[in-house]
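In what follows, a structure is listed as structure tokens, so that the remarks can point back to it.
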Amino acid sequence: MSEMNRREALQNLLAIPAGLAMAPGALERAAAHAHDALEPPHETPAQGGSEQGAGAQSAAARPYSPKHFTTDEWRLVRLLVNYVIPRDARSGSATDAGVPEFMDFMLGENAGMRTWMKNGLGWMNAECRARFGKGFVSSNDVQRREVLDAIAFPKKSAAELKAGADFFSNFRNLTASGFFSSRVGIADLGYIGNRPVTTWQGTPPEVMRKLGL
Amino acid sequence: MPQTSSGAQAPTVYDVAIVGSGAGGGMAAHQLTKAGAKVVLLEAGGYWDNQSAQYSAMLKMPYDSPRRGASTPDRPFGEWDACIGGWQIPGEPYTKAEGTKFDWWRGRMLGGRTNHWGRISLRFGPDDFRRKSLDGLGDDWPISYDDVKPYYDEVDTLIGIFGSRENLPNDPDGIFHDAPAPRYYEHLVKRTADRMSITCIPARLSIITKPLNGRAPCHYCGQCNRGCTTNSNFSSGNVLVMPALRTGRLTLLTDAMVREVMTGADGRATGVAYIDKKTGEDREVRAKIVVLAASALESSRIMMNSKSSHHPQGLGNASGVLGKYITDTTGTDVAGFIPSLVDVPRHNADGVGGGHVFMPWWLDNKTLDFPRGYHIEVWGGLGMPSYGFMGGIQSYPEGGGYGAGLKQQYRKYWGATVGFSGRGEMIPNDKSFAELDPQVKDRFGIPVLKFHWEWADHELKQVKHMQETFRAIVAEMGGEVWSPMPTREQGYGIANGGAIIHELGGARMGQRERDSAVNKHCQAWDCDNLFVADGAPFVSQADKNPTWTILALSMRTSAFITQQRKAGVL
């Protein structure tokens, strides 16, 4: 990458901490709410809203034991990443690409990110509980999508949901970071660089033609 | 293994002690050992060798690390960036006057920040050495382009650079290897710039495209910043220091944090005192000549801290000029979404580790409301997806989303963003300077720098022009900029001082001792065996990246030292 690309990349890297810095008190209040007495000891996945609903592979088969997520958070995060990037005809899902494990590693690197993640997942639960009387994992697919639809388009989301919309934008960024930097994601994108080339040929003629150049 | 010595060996008086192994120090070590001098080179950071997989992360894929290329505390530009250092280094603070926004980058490794930079290698032009004569602002250099030209030529042939012959009046051509053809989006930028009468030419980067001095040509993996294992680009450690070590006349001391230049009863330099960071012990090396090349501001700091009865204000500071006239390149960036580039057919668009085209300053400041120019760097493409990939997808037309539709957005929009970075000339001003903080010391007990920084109207208006220009180019490309035009209160988006990492000045050269620290040979006025061979002697910033001029001036100073040694003067 050029110097300026790296500066830009650096700005991208900073996007998440900056998002954290801007996270208003609402996110923390929601998270505190999520920890109140209404919280069941463990969330039980809803009947009709299993991980398959978001296109995931079986989570139970994985031996990975998260270091920075509780059991409940791990369930939620494994569901949520696959709502962001599900399996489709071209490639696997975010859990197929190891995105939750990547997130677990990054949380270990950055205390600010740990707080942000816990508050954000807490917000998701609190919002579901306010709407449906149960957390995100226990809600069904239709209910989860209702919440996601309300926060996934930040320009259109309601002012009182801003904390959740900000969290989700950054969570989406982090999911994309993990997915598209994985083997699965690199193959999906068709990235074919980072390899020695004897002679630089410039832009292939068919690309020039397609772009009208 | 590094040819380091512990410094505990029998006392030796070296011909020359050089502080810092970046562009300036590496060049001095190369030239002086070649001329037969016995040299000791002190580097505050650790050893590094691009050719060892122990150091270089070239050709690693993002999934080879659980961090996916994200930054670490000692690598702010990503875990695989070759350069160890940053704007904050534990135990090595600096302070700022109230209201000052300034960030000081330090490289801490063999080769310094030449491990990190974008290899943009621009000669200063004839006008850049005599701006005061042209517009009354800043100062003239005590030397002209013609004085430096032979050294630029020699740097070109020694290190290698690609570019194209353009015959532009203030952007002199060099001795170039062929430049690589543009990438897809660079063709579009070039065509757009031509329509707008903005000069857009092949980049000039210190990357070789044919064999040179035993180094293989570039293999276009795009990862210059990770440390090139074939040394096809320029980094001081592998291209200058390693050959100097092979002469057998260079002693390299790594992890050697220099405290001060020692002087004798006659006020002349006798060597340098340093802290061996591995043991924490105070040590010194003796030398007949000392060359400071620790970076513009670090060299200034060392000179300020080199106080003695002969030099109560520090070395080179009889006139109180030390730490003054410091500048950094001005900078601001704008990115645009270009709909015609959506769904770009996949191909290898990596190329060299930097832009293949750029825009040198193309306008006449006499017709504008700001006095100095800038150049434009262009970025975009289908670069390696890593941590931070397409952050901010909610800015694209769909406004965010999730699920299958979102996944498709990433695919179609990847490669459809083009960015422009303006890099302009700041004029030295009285409100921007560095001094020793009277209270604060670093973990070695060395007094630290305190920065004062203020942009003048000149810089703010220039950056406003950058913003307006980049937005106009994006519009001409049929694209859209999502960020709003920054306001005057936001400094028009100007980067903090120090953020572009082109700090210059602090021990500037001049015709007279009363307003300069060093003479036209970069020799301290008040200490004839002390030289400064980094960015500190610069009189002006120019709208060019400084490295090529640091190299040329260090080569010129080294030639002067060699001539003076031969003549028996030094």
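The values are calculated or read from the model by the stated rules, or taken from the named source; none is laboratory data. This is a predicted model, so every value here is computed, not measured. Positions of Cβ are generated from backbone atoms using ideal geometry, with glycine treated the same way; all protein chains shown enter the neighbour counts.
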Return the only residue of B:Leu32, B:Leu41 being more than 10 Å from chain A (Cβ to nearest Cβ) and assigned to a strand (DSSP E or B).
B:Leu41
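Rundown of residues vs (1) at positive phi; (2) touching a helix residue (DSSP H, G or I) at 6+ places or on another chain (Cβ under 7 Å); (3) modelled with pLDDT of 95 or more; (4) not charged (D, E, K, R), yes/no style:
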position: B:Ser516; (1), (2), (3), (4): no, no, yes, yes
position: B:Asn529; (1), (2), (3), (4): no, no, yes, yes
position: B:Gly535; (1), (2), (3), (4): no, yes, yes, yes
position: B:Phe560; (1), (2), (3), (4): no, no, yes, yes
position: B:Lys566; (1), (2), (3), (4): no, no, yes, no
Select, from A:Val77, A:Val84, the only residue that is touching a Leu at 6+ places or on another chain (Cβ under 9 Å), within 27 Å of B:Gln408 (Cα to Cα) and at the interface with chain B (Cβ under 9 Å from one of its Cβ atoms).
A:Val84
Residues of the range B:182-197 satisfying the condition of being assigned to a loop (DSSP other than H, G, I, E, B) and within 8 Å of chain A (Cβ to nearest Cβ):
B:Pro182, B:Arg183
Result of the Cβ filter at 8 Å on the range B:34-51, keeping first residues that are within 16 Å of B:Thr251 (Cβ to Cβ) and partners that are crowded, with 23+ Cβ neighbours inside 10 Å and among the aromatic types (Phe, Trp, Tyr), at least 6 apart or interchain, is B:Leu42/B:Tyr274
Taking the conditions exactly as written (within 27 Å of B:Leu341 (Cβ to Cβ) and touching an Asp or Glu at 6+ places or on another chain (Cβ under 8 Å)), does B:Gln394 satisfy them or not?
no
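Tell me the residue from B:Gly85, B:Gly24, B:Gly99, B:Gly107 that is surrounded by fewer than 19 Cβ atoms within 10 Å (Cβ to Cβ) and either touching a Pro at 6+ places or on another chain (Cβ under 7 Å) or not acidic (Asp, Glu) (or both), please.
B:Gly99
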If A:Leu174 satisfies every condition in (1) buried (at least 16 other Cβ atoms within 10 Å of the Cβ); (2) over 19 Å from the mean Cα position of the chain (by Cα) but one, which is the exception?
(2)
Give all pairs with beta carbons closer than 6 Å in which a residue from the range A:191-211 that is under 20 Å from B:Gly355 (Cβ atoms) and facing chain B (nearest Cβ under 7 Å) meets a residue that is among the aromatic types (Phe, Trp, Tyr) and assigned to a loop (DSSP other than H, G, I, E, B); count only pairs at least 6 apart in sequence or on separate chains.
A:Val197/B:Tyr220; A:Trp200/B:Tyr220
Inside the range A:169-190, can you point out the residues that are within 7 Å of chain B (Cβ to nearest Cβ) and hydroxyl-bearing (Ser, Thr, Tyr)?
A:Ser169, A:Ser177, A:Ser181, A:Ser182
Taking B:Gly86 as the residue in question, decide whether it is touching a Leu at 6+ places or on another chain (Cβ under 8 Å) and either more than 7 Å from chain A (Cβ to nearest Cβ) or modelled with pLDDT of 90 or more (or both).
no
Which residues, taken from the range B:167-181, are surrounded by 14 or more Cβ atoms within 10 Å (Cβ to Cβ) and either part of a helix (DSSP H, G or I) or among the acidic types (Asp, Glu) (or both)?
B:Asp171, B:Asp173
Name the single residue, out of those in the range A:95-123 being among the small types (Gly, Ala, Ser) and closer than 21 Å to A:Ala150 by Cβ, that is nearest to the other protein chains (Cβ to nearest Cβ).
A:Gly120
Tally time: how many residues in the range B:358-367 are surrounded by 20 or more Cβ atoms within 10 Å (Cβ to Cβ) and either more than 11 Å from every other protein chain (Cβ to nearest Cβ) or over 24 Å from B:Gly227 (Cα atoms) (or both)?
3
If you scan the range A:152-164, which residues turn out to be facing chain B (nearest Cβ under 9 Å) and crowded, with 22+ Cβ neighbours inside 10 Å?
A:Ala152
Hits in the range B:390-413 - residues which are touching a Gly at 6+ places or on another chain (Cβ under 9 Å), at the interface with chain A (Cβ under 7 Å from one of its Cβ atoms) and in a loop (DSSP other than H, G, I, E, B):
B:Gly403
Of B:Gly111, B:Gly163, B:Gly138, which residue is of a type outside the set (A, V, I, L, M, F, W, C) and within 16 Å of the chain's Cα centre (by Cα)?
B:Gly111
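Okay, residues lined up against (1) more than 11 Å from every other protein chain (Cβ to nearest Cβ); (2) part of a strand (DSSP E or B); (3) surrounded by 23 or more Cβ atoms within 10 Å (Cβ to Cβ):
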{"residue": "B:Met304", "(1), (2), (3)": "yes, no, yes"}
{"residue": "B:His310", "(1), (2), (3)": "yes, no, no"}
{"residue": "B:Ser340", "(1), (2), (3)": "no, no, no"}
{"residue": "B:Arg346", "(1), (2), (3)": "no, no, no"}
{"residue": "B:Ala349", "(1), (2), (3)": "no, no, yes"}
{"residue": "B:Asp369", "(1), (2), (3)": "yes, no, no"}
{"residue": "B:Trp379", "(1), (2), (3)": "no, yes, yes"}
{"residue": "B:Met384", "(1), (2), (3)": "no, no, no"}
{"residue": "B:Gly388", "(1), (2), (3)": "no, no, yes"}
